[in-house]
Each structure stands twice: as C-alpha cells, then as structure tokens.
Amino acid sequence: MPDSELYELTERYRPEFPIFRLATYLNSCSLGALSGRSRAALMEFADLWDRRGASAWYERWLGACDELRGAFARLVGADASETALAPSISAALSSIVSAIDFGVRPKVVTTDLDFPTVIYQFLARRDLGVEVMVLRSPDGVSVPLESFAEALDERTALVATSHVYFTTGAIQDVAGLARLAHEQGALCLIDAYQSTGQLPVDARELGVDFLLSGALKWLLGGAGLAYVYVRGRLIEGLKPTAVSWFGVENQFGFDPNAFELRGDARRFELGTPAVPTVYTALAGLELVEEIGVERIRRRVSSLTEHLLERAVAAGFAVRGAADPEERSGIVMIEHREPAAAVQRLMDAGVIVDHRPGAVRISPHFYNTTEDSEKAIRILVG
Ligand SMILES: Cc1ncc(COP(=O)(O)O)c(C=O)c1O
C-alpha cells in the first residue's frame, strides 16, 4: 500500500479524536486517545443506567460483555469460548497463575524487560516453592530466543513474557518461544498488551497457551478492562483458586454450595466487569476492526521509521531493535533528563512519556509525520 493511501487513512480517522484539536498526542502505548465513538458509547451507558437502572444488566449489559469477548476473540483469531474479561492484566494473571501446578515443575522463565506486574506474580510465590528465572537482556533491547532455549527445561512450568517489550518496543518471536516451551512440556503465557491493536496477533497461529491484553492502549478502549485468551484444549484441566461468581456455571442460581467452574475461559473471570469500559472498549475495537490491524501496522511502521530517522538526524541516540521488522510503534529516545524533556514537550502541547533514561514516543494510526517532527523540534530545544 503506497504511503499516500496510508496518509489518507490518518486523514480520515484523525478527526474522530478531539484531542488533536488541543494537543499533539503521541502517547498511545500509555493510553490510546479517546474517540468520538467511545465518548458516545459512554453516554449510551450512562443513559441506560439513568433510564433502566439495574434492569439494564439483563437487557443490555450482559449482552455487551458477550459482544466484547467476541470482538476480542475475532481480533486474536480465537473462539469466543476461549476469551474472558478481567479487571486488569494483574488480576487476570493472578487467576491464571492460581491454576498452574508448580509442584513437579517449580520454574518460571521471564525476562528483565517484561512489565514488573508479570514478574511479581511469581516472585510473590517464591515462599510457595516457585523458582523465578529472570533472563537478562544482553543489549537492553530484547532477549535472544537462544537464551530462552537454554533456560527452559523439564522443571519449567511456564514461560511468561511479552510480545512487544514496553521498554523498547522490540517484537519477540512468540511462535518460536511457544514452540520451545512446548518442546519442554512447559506452557507459554504472552503479555500482548503492547502488541494487540498495533500488530496483527493470531493466538492460535502463534501457538501460545495464554495471551493477555487490555482496552487501555492500542485498542483505544479506556481504563478498567483486560482481555484474556486461553487455548481451548487447556481450559478443562485448569482449575483456578482465584475465582468469582462470574466464573461458575449457573451464575444466577446463587447457590453457595454449587461450585462448578464454567467450561469455557470465563472460569478465569473475577467479578463484575467495569461496564462503562465495556462500552468504550467495544467502540475502540470497532475502530480497530474497521481500519484493519494490517493497515494499522503499516501506518505505524511508516511513522516509526520516520520518527527514528528524524531523531537520529537531530543527534539523539535511540534504543530499539536493529531490524525494522522487529520494531513497533514505541520509540525510545535516550535522554539525560527525560522527565524535564517530557515536561518541556507538554508545555508546548506535545504529549509523550518517559521511562528511565529515555523519552518514549508512541505514534498510532491517527498521527502524522508533522506530529513527530514537532516533537523532535522541541526536544532539540
Ligand atoms: C506490557 C504491559 N503489561 C502490563 C501492564 C499493566 O497492566 P495492568 O495495570 O492492567 O495490570 C502494562 C501497563 O502499562 C504494560 O505496559
């Protein structure tokens, strides 16, 4: 697809995001921008709450939860029965990890580039015998597949890592990782929070056992909901001990003595979901589906490469994968005082973020090359 067509995509969809009337927004890996559609959906939720009160649960809200599970399933090439909603990635992890038997296989392999909440799940269980192996990235950008191959063995229960590293934007070879894990009889859990919505993700094709994401970032749905995929064949054998009434058969039987986990991935659900976010998240997924993730990937790649080029030309060092195929829409520009630089950008109407030692800029399909150029201009000072 030529660049002009990708630019037309931006031109068409950018007006749906009012923030661009006020600011240059380049921070989608923290929080996707609010669209007019999500705002309207939020108002629809409020109207129903106002007019129908609790009857909205049965008339609309439970159905909207189903729609959302279905929309996430389509996004990641799964069946709706393999998906569940959770309050956050952390909550989803706690339910999943509670179903894993670490008795014979006490080891978990993860990396020092993963989001801490993933690693904490296992560190918190060290007293229960869980052994955590945190692989060190040799270059601070990614972890070679060979390091995982060396670490995985017959004592490993799980490899838990990211599709896209939040610290560097580097894309991991998840299919290769799942293959390595399975060769050793281990399970593969992928934190795909930073990939779904900006990269095509097919959970079955990747061969992973668990895949987690959420509404907040590239999926443009706001705060309060995470998405869970569990490989269908595994579900029956996984019995979480972190449970809720949303995860049992006959939820509305209200029988305290009848504890029977649901037969689908919803056995991992942890209570009442954030319904306002169900509405905003549905609108976000609708946008992503309408545009198509393949097209989003091409647009974000083109913006990323342009941004990197401009940053380097302005004399900055950038932290990221050497191979463009392994780069995503998270650009780390090294900086001695990133917090002050981000504040300076903010004062000039450019919203970005920082992580230790770097300014983090993350363009989505609604951004333009002019947005990036403005950010670099201000960064140069
Ligand atoms: C890759 C990744 N995983 C997990 C999280 C945290 O997820 P939650 O707050 O839903 O537990 C974040 C948050 O920014 C993230 O970037």
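The values are calculated or read from the model by the stated rules, or taken from the named source; none is laboratory data. Since the model is a prediction, treat every value here as computed from it, not as a measurement. FYI the Cβ positions are ideal-geometry reconstructions off the backbone, even for glycines, and counts take in every protein chain you see. To get the accessible areas, we keep the full protein, side chains included, count just its heavy atoms, and leave off ligands, DNA and RNA. Shrake-Rupley method; radii C 1.70, N 1.55, O 1.52, S 1.80 Å.
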Counting only DSSP beta bridges fully inside the stretch 44-288, the antiparallel percentage to nearest 5 is 40
Scaled by the rule-of-thumb 2.2 N^0.38 Å, the alpha carbon Rg for the stretch 239-365 gives a ratio of 1.59
Rounded to a whole number, the Stokes-Einstein D of the stretch 154-258 in µm²/s (Kirkwood radius over Cα pairs; 10 °C; 1.306 mPa s) is 103
Whole-Å distance linking the alpha carbon centroid of the stretch 102-116 with that of the stretch 284-310 is 32
Per the charge dipole of the chain (beta-carbon charges, Lys/Arg positive, Asp/Glu negative, Cα centre), the residue among L152, G232, Q343 reaching farthest to the positive end is Q343
Sorted by chain and number, the residues with a modelled amide H under 5 Å from that of L225, at a separation of 5 or more or across chains, are A215, L216
Given a Förster distance of 35 Å, the FRET efficiency implied by the Cβ-Cβ spacing of S90 and E290, rounded to the nearest 0.05, works out to 0.70
Highest GNM mean-square fluctuation among G357, G197, G247, for the chain with Cα springs under 10 Å, belongs to G357
Counting only protein heavy atoms and rolling a 1.4 Å probe, one gets per residue an accessible area for the chain in Å² of 42
Summing +1 per Lys or Arg and -1 per Asp or Glu among the other residues with Cβ less than 14 Å from Y193's Cβ gives -1
The stretch 115-256: relative contact order from alpha carbon pairs under 8 Å, six or more residues apart, as a whole percent, is 15
Quick calc, the stretch 44-288, dipole around Cα centre from Cβ unit charges on Lys, Arg (+) and Asp, Glu (-), nearest 20 debye, gives 260
For the stretch 44-288, the charge dipole (Cβ of Lys, Arg +1; Cβ of Asp, Glu -1; about the Cα centre) points to a positive end, and the Cα of G221, P87, L75 closest to that extreme belongs to P87
Gyration tensor on Cα atoms of the stretch 74-166, a ≥ b ≥ c root eigenvalues, a/c under 1.5 rounded, else prolate if a/b beats b/c, else oblate, says oblate
Rounded to the nearest Å, the spacing of the alpha-carbon centers of the stretch 335-381 and the stretch 125-144 is 31
Out of E236, E59, E16, a Gaussian network model of the chain with alpha-carbon springs under 10 Å gives the largest mean-square fluctuation to E59
Site R355, offset 7 angstrom along Cα→Cβ, radius 16 Å on amide nitrogen, limited to the stretch 215-229, gives 217-218
Per-residue accessible area, 1.4 Å probe, largest first, puts Y193, Y120 in the order Y120, Y193
If one builds a Gaussian network model of the chain from Cα atoms under 10 Å apart, the most fluctuating residue listed among S162, S28, S95 is S95
Those trypsin sites (Lys or Arg not before Pro) from the stretch 303-352 that are DSSP loop and have at most 11 other Cβ neighbours within 10 Å turn out to be R336
Listed by chain and number, the aspartates and glutamates with an alpha carbon less than 12 angstrom from that of K107, same-chain partners under 8 positions apart left out, are E131, D153, E154
For the D50, A313 Cβ pair and Förster radius 41 Å, calculated FRET efficiency rounded to 0.05 is 0.15
The local net charge around E249, scoring Lys/Arg +1 and Asp/Glu -1 for residues other than E249 whose Cβ lies under 11 Å from its Cβ, equals 0
With 0.36 nm assigned to each residue of separation and the Cα-Cα distance removed, E249 to L128 gains 40.6 nm
Ratio for the chain, C-alpha Rg to 2.2 N^0.38 Å, reads 1.00
Carbon/sulfur accessible area of the chain, % of total, 1.4 Å probe, equals 52
